[in-house]
Each structure stands twice: as structure tokens, then as C-alpha cells.
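Engineer: Before we start, here is the structure in question, set down as C-alpha cells.
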Amino acid sequence: MSEAQASGAIEVLPLTPTLGAELRGVDLAALDDGRAAAVRDAFERYGAILVRGQRLGADDLVAFSRRFGALDEAPLMENGRTAVPGYPEIYVVSNVLGADGKPIGSLGAGEAVWHTDMSYLAAPPRASLLYALEVPPAGGDTWLCSMAAALEALPGDLRRALDGRMIKHDGTYNSGGYLRAGVRVDDNPETCEGTPHPAICRHPAGGPDVLYLGRRRNAYVMGLPLAESEALLDRVWAHACRAENTYKHRWRVGDVLMWDNRVTMHRRDPFDAAARRVMHRTQIKGAEAPAPA
Ligand code: SIN
């Protein structure tokens, strides 16, 4: 046991130089108000937190998530159903089939491409949390990208091209490429359903400004001819997701990974569809639209 653990303090170990911290010596199912405030502070400061070795029932998961604010109801799954009876806030991310032969969760076993959760809303969710119940022996790693680091490293001409611009965030497809329930198919970035947000946003907690991209598919730089918007976004995306801006998480059962959607993007590696992966996810409501830098 380390000195910090012996004294009951929470150890905070940065995951990368620009993003995230692992918190040690904390049981998320038994937080008092003081320790909850320390967890929140680390989250604001590092943009993402990892806490390993947790044992959280559905009530614990919801109660911990509520420490950060009101929760969104989970969106409908791709098959139009909700996932966990009695817990409308819990969304199941899984490739596993239930006894009825239907998926118990969303996103299957394929890649989930880089994205920020539900940025097609006017006030996108503030944060998302994944809790690992079952993990595959290989693959299914989740990546986070620091959008402050991405902006910082953006070449000057690209930054100037985005300055003062709005990007439309598409609401047609989810990160697994599935059509969202109840949305009409539209593969034209200029006409698809979505919400424009500033391309460069102020950090909501007073940190460095961030690039705000949402997801690549159907994105559109408002006011530009489509071909110009596509070329600009291709170049910006190629820079944003460089390895040096990212953290790759290899899951263990009991891990909790929580990220600030306002300052990060995430993606997931594919994995063997015959393996099992079951994650419970909650999402903290956003209170405001992203503000321009
Ligand atoms: C997600 O994109 O919300 C899911 C990521 C994952 O399955 O690791």
C-alpha cells in the first residue's frame, strides 16, 4: 500500500502528458462528499478519469454518475429498445445476444469511429462514463483524444481557416455507422439533420481552447462550398487524431473510464464478434451550447 493510500488520500496519476488521470485508492460506491469533490476536481482538471477495480451495481453506477449532475436518459438502442429495465439512465454497449437472440446493447463488435457523444444536440452531454462488466481477451480498446492538444498542434493555416467558423454536427448516424432510431437517411453534409457549433471553443472549465469536431461523417463547415469543406475537414481530422494527442485504454473488468465530451473525442477498436464485451454507460446532461473561443 502506498503512502497516499495509507492516509486515505486519492492518488492522481496522469495517463498522458495532455489528457486523463488514473485515480487510485477510491471506491466509487462509497464516496463521501469530500472525496466526491476530489474526484470531480480531477475530472475537470484532466478531462478524463480512470478508476480501476470497481464493483458497481446499477444503483451505484447511477448514484456515482449523479455526483456530476443530472443524467440523460439513455438513447434508444439500434433495435429501438431500451436496455436495462428499471434504469433508463443506463445504456448498454455490447455485442452480446440475449436469450431472445437480439442484442442486449448497442454498437456491436465493429469499430466505433472517433466522435464526441451526441454533439448534434444544441446542448450536448457534458460527460460520459463506461463501466466494464465483461471484456474481450483482445481488441475493443477505447481511445481518447485531447482536443486542447489537437488544437495546440494544428498548423497555423488550418487554425486560421477554422477561426470564427461553425461546423455542422450530424445527427443521422451513430459512431458504429448505424442510422439513429427515427432519423431520415441523408448523406449530404449540407442538408443532413444536425446542429452547427463553433469549430474552436472556449474550455468550459477555464483551460486552453479546444477544437470541437464531433464526428467526421456528414460534418460540414457552414458557409463553405461542399468540396472546400470536405478538403478542410479531411486535413483537420488527419491532424487532430495523431497518436501524440491520444490515450489508448486496454480494459479490465471493473474499470470505470469517464471523459469530458466538451474537451475530448473517443473511438473504439473492433474486436472478435465471438468474444463478449459488456459495458454499462451513463451520460451527464449538458447545460449549455459550446461557447466560441
Ligand atoms: C462509445 O462510443 O460510447 C463506446 C465506446 C466503447 O465501446 O468503448
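Every read-out reported here was derived from the displayed coordinates using simple, explicitly stated rules and does not represent laboratory data. The model shown is predicted, which means the values in this text are computed figures rather than measured ones. Here the Cβ positions follow ideal geometry from the backbone for every residue, glycine too, while neighbour counts run over all protein chains shown.
Engineer: Report the percentage of all Cα-Cα pairs in region 122-171 whose separation exceeds 17 Å, rounded to a whole percent. Mind showing how you got there, number by number?
Structural biologist: Numbers: 784 of 1225 pairs.
Across region 122-171, Cα pairs with separations above 17 Å total 64 percent.
Engineer: Please build a GNM for the chain, connecting alpha carbons under 10 Å apart, and tell me which residue among 37, 199, 48 fluctuates the most.
Structural biologist: 37
Engineer: Given Cβ point charges of +1 (Lys, Arg) and -1 (Asp, Glu) and nothing else, what value in debye, to the nearest 20, does the dipole of region 154-202 about its Cα centre take?
Structural biologist: Details: 7 positive and 7 negative charges, 50 e Å.
That gives a dipole near 240 debye.
Engineer: Taking one equal scatterer on every alpha-carbon of region 155-237, how large is log10 of I(q)/I(0) by Debye at q = 0.13, 0.18 1/Å?
Structural biologist: Summing over Cα pairs of region 155-237 leads to -0.42, -0.76.
Engineer: Assign unit charges at the C-beta atoms only (+1 for Lys and Arg, -1 for Asp and Glu), then state the dipole size of region 206-293 relative to its Cα centre in Debye, rounded to the nearest 20.
Structural biologist: Numbers: 15 positive and 10 negative charges, 105 e Å.
With Lys and Arg at +1 and Asp and Glu at -1, about 500 debye.
Engineer: Shifting gears a bit: Once phi is turned into ³J(HN,Hα) by the Karplus curve 6.51 cos²θ - 1.76 cosθ + 1.60 with θ = phi - 60°, what whole-Hz value does each residue of region 123-129 show in order, with x for glycine and proline?
Structural biologist: 3J(HN,Hα) across region 123-129, in whole Hz: 10, x, x, 6, 8, 9, 9.
Engineer: Between region 205-241 and region 242-281, what is the C-alpha centre distance in whole Å?
Structural biologist: Cα centroid to Cα centroid, the span is 22 Å.
Engineer: Something else: Determine the dipole magnitude for the chain: charges of +1 sit on the beta-carbon of Lys and Arg, -1 on that of Asp and Glu, nothing else is charged, the reference point is the Cα centre, and the result goes in debye to the nearest 20.
Structural biologist: That gives a dipole near 120 debye.
Engineer: Along the charge dipole of the chain, which of 136, 14, 247 sits closest to the positive end, that is, farthest toward it, with unit charges on the beta carbon of Lys, Arg, Asp and Glu (+1, +1, -1, -1)?
Structural biologist: Working it through, the farthest residue towards the positive pole turns out to be 136.
Engineer: Return the distance in nm (one decimal) between the two label points of a simple spin-label model at residue 36 and residue 186, each offset 7 Å from Cα along Cα→Cβ.
Structural biologist: 4.1 nm
Engineer: Binning every alpha carbon pair distance of region 1-285 at 10 Å from zero, what are the percents per bin?
Structural biologist: Reading the bins upward from 0: 6, 29, 35, 22, 7, 1, 0.
Engineer: Let me ask you something else. Tell me which GluC sites (Glu not before Pro) from region 91-192 have a DSSP coil assignment and no more than 13 other beta carbons within 10 Å of their own.
Structural biologist: In loop regions of region 91-192 (DSSP not H, G, I, E or B), the sparsely surrounded GluC sites (Glu not before Pro) are 190.
Engineer: A further question follows. Under 21 Å between alpha carbons, and skipping anything fewer than 8 positions from residue 168 in its own chain: which lysines qualify?
Structural biologist: 285
Engineer: Here's something else I'd like to know. Counting each DSSP H run of 4 or more residues in the chain as -39500 (n - 2.57), what helix-only mean residue ellipticity at 222 nm follows after dividing by all residues, to the nearest 500 deg cm²/dmol?
Structural biologist: That comes out to -5500 deg cm²/dmol.
Engineer: Which of the aspartates and glutamates could a cross-linker bridge to residue 102, judged by Cα under 12 Å and excluding same-chain residues fewer than eight apart?
Structural biologist: 78
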